[in-house]
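The values are calculated or read from the model by the stated rules, or taken from the named source; none is laboratory data. Just so you know, these numbers come straight off a predicted model, no measurement behind them. Note: ideal-geometry Cβ built from the backbone for every residue, glycine included; neighbour counts use all protein chains shown. Accessible surface is based on the protein model in full, side chains and every heavy atom, while ligands, DNA and RNA are left aside. Shrake-Rupley method; radii C 1.70, N 1.55, O 1.52, S 1.80 Å.
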Amino acid sequence: MSDQYRSLFFQDFEEGEQDDFIQLINPEDEQTADQDYPEKISILPLKNTVLFPGVIIPITVGRKRSIRLVKRAYNGDRLIGVVAQKNPNDEDPHPDDIYRIGTVAKIVKMLVLPDGNTTIIIQGKKRFSIDKIVNEDPYMVANISILKETFVKANKKETKALISSLKEAAAKILKLNPDIPQEAQMALDNIQSLGFLTHFLSSNLNADVIEKQGLLEEVDGVKRSTRLLELMLKEMQMLELKYEIQKKVHTDMDQQQRDYFLRQQIKVLQDELGYDGPDKEIAELRKKAETKKWPDNIAQHFQKELDKITRLNPAAPEYPVAMNYAEMMLELPWNEYTKDKFDLVKARKILDKEHFGLEKVKDRILEYLAVLKLKNDLKGPILCLYGPPGVGKTSLGRSLAKAMGRKYVKMSLGGLHDEAEIRGHRKTYIGAMPGRIIQNIKKAQSSNPVFILDEIDKVASDFRGDPASALLEVLDPEQNHSFGDNYLEVDYDLSKVIFVATANSLETIHPALRDRMEIIELNGYTEDEKIQIAKKHLIPRQREEHGLSAVQMKMSDKGIKKVIEGYTRESGVRNLERNMASVARKVAKSVALDEEIAKVISDKEVIEMLGVERFDHDAYDGNELAGIVTGLAWTSVGGEILTIESSINKGKGQFILSGQLGDVMKESAKAALSCLKARAEGLDIDHRIFDQYDLHIHVPAGAVPKDGPSAGITIFTSLASVFTQRKIKGQLAMTGEITLSGKVLPVGGIKEKLLAAKRAGIKELIMSAKNKRDVSEIEERYLKGLKFHFVSRVDEVVDIALLKDKVKHSLKIEVKEEVQK
């Protein structure tokens, strides 16, 4: 309800004025009053007020035209027509600027104030509609029509329900608004007329002029009352919401005051007991920050964060988050670097001592050290060591850190699928922390460690993000000087870090990521290298781990070789070390039981200790049968020989492939067959044989999947042998891709394939002429005993591989004459 209600209905007028003041109309007066009203009346526009019948309101009149109107009416019949303005800011309203429905009012009292304004008290009588404006000067005069009220009688149920609902809503509003005097409830209780109750509440409703004017213009009294009830319920809801908000704020203020006094008491108690409070913790952080070596912008950011912490309530949830952030900032090694060692001779000794072979990688590390020694300001390289498992990729990074005198940290990327693992979470999240890059830098306590990114080829991606994309910034020398971690919110310099990534395969690495790294391939170890690694590294380590002396566990080269050939099938030495550990346990058991053991463990003792050999040694199958040719293959555990078998039988020209071959290998076989058909005449092969005989190509070890193009010339030679029944040259193996035109293309994995050929007793090798450059990079000791044939076309392969002699028990090939249709 409005202030004008309180200022008028409950104001104490002086005694002498009481005679001129007309009391509120009681229900009987409202029902029976049948006063005659003039058809022409003066119109008084009001700015922000809508007058309802039966309601008394005070009005301050300030416009000259309105003052003239009021004075003339007050001296006459005191009746005026009150209407609301459409625009309250209009100081000189015209007929189009006022509403057409208003209320006839009687001027009860007029007061002239010292400031020149005139205040009148008016009482609404009847609603009217303006028929026509007959005069505008000096004020508006209009012809009007009185509107009849259509309220239902009070004894009807609908009327009673409306009265009850209106009074109930008004009572709730009175209760929710403490500014309204309690006497208002008494006034409501005394009103029994639905019409007057509606007009009384409408006038005092906290609503805008448009809504009140809508109530006044409503013809049907019941609808007017119903619409009023809707507005009151809306007002009640607003007051209830306001009350709840005020109550909550008041409660929070009380709680904050209580917490403040409790914190002061706790502070006093802590001071008495000698405990450190939040202020002391912050002071200690500031003291540490003064001696911290960090950039000026980081120092300023840290001080701002501390200033925020001082303004926080220690009991607030944000306080421990902010403290953790500040402590993390202090613990990071900003501008703290270890001093590099530039003794290249000593670095070489360390690398040779801990790793046998791997000359290319060692040379690259020494080159970096040499340039760093000369320039003393070089961005850290991004190396990627690529090779099969167990060849020492990860341990090489540790040796690099030791050789350079740097800290060493390792981060495993296998199965990583959340970008936040690299960049961290924003500190606003619960349990937020920096990414693993920053965490490992903190762990190293140095801003230039050797950082191993292990298994970078096994980084996954899903709906949470792509960690490989996040690594692009880390591994880019042009960007990583300002690496942005989401948790830190400031840039961190990673440009001095030496990142060494390891991978087993390059195919699964993000192309953009692969482009940022220097790829260094680590090939598998040869048998001789494995023997040396076992003697220099593996056996001494197992002796130490199992408490054995050099006298108690000695192993001959034959024994080591037996373990390598019979119990391992790998490029690295991981399984070899496991088997050496098994041998060491057997020896330790015999020593503990005082059992007799061999002074030197040879191949015989190895079989007794480790049991039956688990792997068969690759062996050459010979050249007694047509169509059987030895090829060379590369696998993830090193090189192997691969036998290709072909056979023909009388049939209808079917072409069968078996041995679990991949799509690429199947296509190589089809290309080899087409290439052979094109050269059938030169090889004395009757072209009719291809339609009258079925061809079957099989690659043994059918349970093992096989794929790749490197068996192309091997399949071609096998087909040429089976269709001509000519013998294959003994102790010969080959590798190379074939084209339909008969070209021999280069293939990879040459070193591993040469080692497999040597193990199998192969003496001669055929490969593409373009693979000659790969052979030239291999150490001479691995090439000893091998004869190479570098070819460019399959015709050269046939000349070298196929002998003129037929095989024993050769197949007699009979070709039927074609019948002319």
> Out of the stretch 703-718, which residues are aliphatic (A, V, I, L, M) and either under 13 Å from M767 (Cα atoms) or open to solvent by 20 Å² or more (accessible area, probe 1.4 Å) (or both)?
Replying inline: A703, V704, A711, I713
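Anything in the stretch 109-144 that is within 17 Å of I41 (Cβ to Cβ) and in contact with a Phe, Trp or Tyr (Cβ under 6 Å, 6 or more places away or on another chain)? List them, or say none.
Kept after step one, since they are within 17 Å of I41 (Cβ to Cβ), are these residues of the stretch 109-144: 120, 122-144.
The answer is G124, I144.
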>> I'd like the residue in the stretch 365-399 that is in contact with a Pro (Cβ under 8 Å, 6 or more places away or on another chain) and not in a loop (DSSP other than H, G, I, E, B) and, out of all such residues, is modelled with the highest pLDDT.
In response: I382
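Taking the stretch 598-622, which residues are charged (D, E, K, R) and open to solvent by 50 Å² or more (accessible area, probe 1.4 Å)?
Once the filter is applied, which keeps residues that are charged (D, E, K, R) and open to solvent by 50 Å² or more (accessible area, probe 1.4 Å), the stretch 598-622 yields K599, D603, K604, E608, E613, R614, D616, D621.
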>> Looking at (1) without any contact (Cβ under 8 Å) to a residue 60 or more places away in the chain; (2) surrounded by fewer than 16 Cβ atoms within 10 Å (Cβ to Cβ); (3) in contact with a Gly (Cβ under 8 Å, 6 or more places away or on another chain), which one does F342 not meet, given that it meets all the others?
In response: (3)
>> Testing S469 on (1) in contact with a His (Cβ under 6 Å, 6 or more places away or on another chain); (2) of a type in the set (S, T, Y); (3) part of a helix (DSSP H, G or I), one condition comes back false. Which one is that?
In response: (1)
> So which residues in the stretch 446-466 are part of a helix (DSSP H, G or I) and free of Cβ contacts under 8 Å to residues at least 60 places away in the same chain?
Replying inline: D457, K458
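Rundown of residues vs (1) on the phi > 0 side of the Ramachandran plot; (2) touching an Asp or Glu at 6+ places or on another chain (Cβ under 6 Å); (3) loosely packed, with under 13 Cβ neighbours inside 10 Å, yes/no style:
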site: S646; (1), (2), (3): no, no, no
site: K652; (1), (2), (3): no, no, yes
site: Q660; (1), (2), (3): yes, no, no
site: D663; (1), (2), (3): no, no, yes
site: L673; (1), (2), (3): no, no, no
site: L676; (1), (2), (3): no, no, no
site: F690; (1), (2), (3): no, no, no
site: H696; (1), (2), (3): no, no, no
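Looking only at the stretch 508-530, which residues are among the acidic types (D, E) and touching a residue at least 40 places away in the same chain (Cβ under 8 Å)?
As a first pass, look at the stretch 508-530 and keep what is among the acidic types (D, E): 515, 518, 521, 527-529.
Across the stretch 508-530, the qualifying residues are E518, E521, E527, D528, E529.
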> Any idea which residue in the stretch 567-597 is nearest to I533 (Cα to Cα), counting only those that are open to solvent by 40 Å² or more (accessible area, probe 1.4 Å) and without any contact (Cβ under 8 Å) to a residue 24 or more places away in the chain?
Replying inline: R578
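Could you list, in sequence order, all residues of the stretch 62-78 that are of a type in the set (G, A, S), farther than 19 Å from D92 by Cα and either in a helix (DSSP H, G or I) or in contact with a helix residue (DSSP H, G or I) (Cβ under 7 Å, 6 or more places away or on another chain) (or both)? Don't jump to the end; show me each part of the working.
As a first pass, look at the stretch 62-78 and keep what is of a type in the set (G, A, S): 62, 66, 73, 76.
Going one step further and asking which of them are farther than 19 Å from D92 by Cα, we end up with 73, 76.
Across the stretch 62-78, the qualifying residue is only A73.
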>> Any residue that is in contact with a helix residue (DSSP H, G or I) (Cβ under 6 Å, 6 or more places away or on another chain), over 25 Å from H537 (Cα atoms), open to solvent by less than 10 Å² (accessible area, probe 1.4 Å) and outside any loop (DSSP other than H, G, I, E, B) - is there at least one of those in the stretch 319-336?
In response: yes
> Within the stretch 125-176, which residues are assigned to a helix (DSSP H, G or I), open to solvent by 20 Å² or more (accessible area, probe 1.4 Å) and of a type in the set (G, A, S)?
Replying inline: A161, S164, S165, A171
> Given the residues I728, I685, I715, I762, which is the only one that is more than 30 Å from N523 (Cβ to Cβ), among the β-branched types (V, I, T), modelled with pLDDT of 85 or more and over 46 Å from the mean Cα position of the chain (by Cα)?
Replying inline: I685
> Can you name the residue in the stretch 489-541 that is open to solvent by 20 Å² or more (accessible area, probe 1.4 Å) and in contact with a Pro (Cβ under 7 Å, 6 or more places away or on another chain) and, of all such residues, is farthest from F451 (Cα to Cα)?
Replying inline: N504
>> Just the residues that are outside any helix (DSSP H, G or I) and farther than 27 Å from F356 by Cα, please, taken from the stretch 562-606.
In response: L593, D594, E595, E596, I597, A598
>> Considering only residues that are assigned to a helix (DSSP H, G or I), touching a Gly at 6+ places or on another chain (Cβ under 8 Å) and of a type in the set (G, A, S), which ones fall in the stretch 730-783?
In response: A756, A757
> buried (at least 20 other Cβ atoms within 10 Å of the Cβ) and not in a strand (DSSP E or B): does that describe A633?
Replying inline: no
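Within the stretch 292-317, take every residue that is open to solvent by 80 Å² or more (accessible area, probe 1.4 Å), modelled with pLDDT under 80 and not basic (K, R) and give me the one that is farthest from Q439 (Cα to Cα). If you could, list the steps in order and put the result at the bottom.
Looking only at the stretch 292-317, we keep the residues that are open to solvent by 80 Å² or more (accessible area, probe 1.4 Å), and these are 293, 296-297, 300, 304, 308, 311, 315, 317.
Applying the additional criterion that residues be modelled with pLDDT under 80 yields 311, 315, 317.
Now restrict to residues that are not basic (K, R): 315, 317.
Working: A315: 28, P317: 24 Å.
Taking the candidates together, the pick is A315.
Just to be sure before I move on: is S646 farther than 28 Å from R543 by Cα and more than 49 Å from the chain's Cα centre (by Cα) in the structure I sent? Step through it out loud before you land on a result.
Details: farther than 28 Å from R543 by Cα: yes; more than 49 Å from the chain's Cα centre (by Cα): yes.
Taking the combined requirement at face value, the residue satisfies it.
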>> Name the residue that is most open to solvent (accessible area, probe 1.4 Å), counting only residues in the stretch 476-488 that are out of contact with any His (no Cβ under 8 Å at 6 or more places or on another chain) and assigned to a loop (DSSP other than H, G, I, E, B).
In response: E478
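Got a sec? Which of E737, E780 is more than 46 Å from the chain's Cα centre (by Cα) and open to solvent by 50 Å² or more (accessible area, probe 1.4 Å)?
Values: E737 fails: more than 46 Å from the chain's Cα centre (by Cα).
Of E737, E780, the one residue that is more than 46 Å from the chain's Cα centre (by Cα) and open to solvent by 50 Å² or more (accessible area, probe 1.4 Å) is E780.
Per-residue answers, yes or no, for (1) in contact with a helix residue (DSSP H, G or I) (Cβ under 7 Å, 6 or more places away or on another chain); (2) part of a strand (DSSP E or B); (3) within 18 Å of V591 (Cβ to Cβ); (4) modelled with pLDDT of 85 or more:
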| position | (1), (2), (3), (4) |
| --- | --- |
| S495 | yes, no, no, no |
| I509 | yes, no, no, no |
| Y525 | yes, no, no, no |
| I539 | yes, no, yes, yes |
| Q542 | yes, no, yes, yes |
| G547 | yes, no, yes, yes |
| M553 | yes, no, yes, yes |
| K558 | yes, no, no, yes |
